[in-house]
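Throughout, read-outs are computed from the coordinates displayed, never taken from laboratory work. Everything quoted here is computed from the prediction, not taken from an experiment. Quick reminder, even Gly has a Cβ in these numbers, built from the backbone with ideal geometry, and neighbours come from all protein chains shown.
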Amino acid sequence: MQFADVVTSRRMVRAFDARPVPAQVLDRVLDLARRVPAAGNTQGLDLVVLEGAETARYWDASLTHERRASFPWPGLLDAPVLIIPVSSPAAYVERYGEDDKVRTGLGVSESEWTVPYWYVDSAFSAMIAMLAAVDEGLGALFFGQFEHEPAIKQALGIPEDRRPVGTIALGYAAEGQRPSASSTRPRRSFDDVVHRGGW
Ligand SMILES: Cc1cc2nc3c(=O)[nH]c(=O)nc-3n(C[C@H](O)[C@H](O)[C@H](O)COP(=O)(O)O)c2cc1C
């Protein structure tokens, strides 16, 4: 696909069919998702990947069987792959304490960071994963972990000091997507968004 077509055709997919994602296809997506820019070239990013039956460990930690019965997007649980971009705040603090970065003051602690680059870099990775998915004929949804983050981390053995930025469900889109209320909001126009020469 042309790059512009990949970007403009991407829409969040919230229901998947049961077809597994071939290993080579998934590896191509993951390989692109790790080739992202990184502040200070810190590379404090890891990707936790669950495939097939492994995804049950994620859902068991985040969606009780009671809530599951009334969950509005049951087809999301059919996603054959879940990718969790996990950031390491400590790696960024450490990197910015090195000689070439120490003058920034960001090597002191996480609280010095007005923009936490560990989330920025992980978000870049999530975006690349979603665009790579579209390029491979797949669909994807990025969604938040919210109050389930500690349970998900525990279930998947993610170290205590790491922060997942969210979860990407990935697979072949099922017929008949149910859009979320958010996704029906109209896109702001080019002229509304773009401020040439200043705000
Ligand atoms: C940071 C972030 C968090 C999101 N969280 C959720 C979520 O928890 N559940 C969901 O269904 N969609 C979620 N979305 C998807 C948005 O609702 C969606 O991107 C938006 O409505 C625009 O639709 P589109 O991406 O299909 O163009 C999230 C998107 C982003 C970027």
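Modelled spin labels at Ala53 and His65, positioned 7 Å past Cα toward Cβ, are 1.8 nm from each other.
In a reduced charge model with +1 at each Lys and Arg Cβ and -1 at each Asp and Glu Cβ, region 45-199 shows a dipole moment near 560 debye about its Cα centre. Dividing the mean sequence gap of close Cα pairs (under 8 Å, 6+ apart) by how many residues region 49-199 holds gives a relative contact order of 30 percent. Charged neighbours of Phe71, selected by a Cβ distance under 14 Å, balance to +1 (K, R count +1; D, E count -1). Under the convention that each Lys and Arg Cβ holds +1 and each Asp and Glu Cβ holds -1, the size of the dipole of region 148-199 around its Cα centre is about 140 debye. For region 3-175, the residue among Ile84, Met12, Leu106 whose Cα projects farthest onto the positive side of the dipole built from Cβ charges is Met12.
Separation of region 6-38 from region 166-198 is 17 Å, based on Cα centroids. For a label point 7 angstrom out from the Cα of Glu160 toward its Cβ, which stretches of region 104-122 have the backbone nitrogen within less than 19 Å? Of the residues in region 104-122, 110-111 have backbone N under 19 Å from the label point off Glu160.
In a fully extended conformation the segment linking Asp5 and Thr184 would gain 62.4 nm over its present Cα-Cα distance, using 0.36 nm per residue. Model label points for Val193 and Val102, set 7 angstrom from Cα along the Cα-to-Cβ axis, are 4.2 nm apart. Applied to region 4-21, the Karplus parametrisation 6.51 cos²θ - 1.76 cosθ + 1.60 on θ = phi - 60° returns per-residue 3J(HN,Hα) values of 4, 5, 4, 5, 6, 8, 5, 9, 4, 10, 10, 9, 10, 8, 7, 4, x, 8 Hz, with x for Gly and Pro. Distance from the Cα centroid of region 63-108 to that of region 129-159 is 8 Å (rounded to whole angstrom). Within region 24-50, which residues have the backbone N less than 19 Å from the label spot 7 Å out from Phe143 along Cα→beta-carbon, could you tell me? In region 24-50, the label zone of Phe143 (backbone N under 19 Å from the point 7 Å along Cα→Cβ) covers 48-50.
In the calculated pair-distance distribution of region 58-199, the portion above 27 angstrom amounts to 39 percent of the Cα-Cα pairs. Calculated [222 nm] ellipticity per residue, helices only, for the chain: -9500 deg cm²/dmol; basis is -39500 (n - 2.57) per DSSP H run with n ≥ 4, divided by all residues, nearest 500. Neighbours of Ala39 by Cβ distance under 13 Å: Lys/Arg scored +1, Asp/Glu scored -1, total -2.
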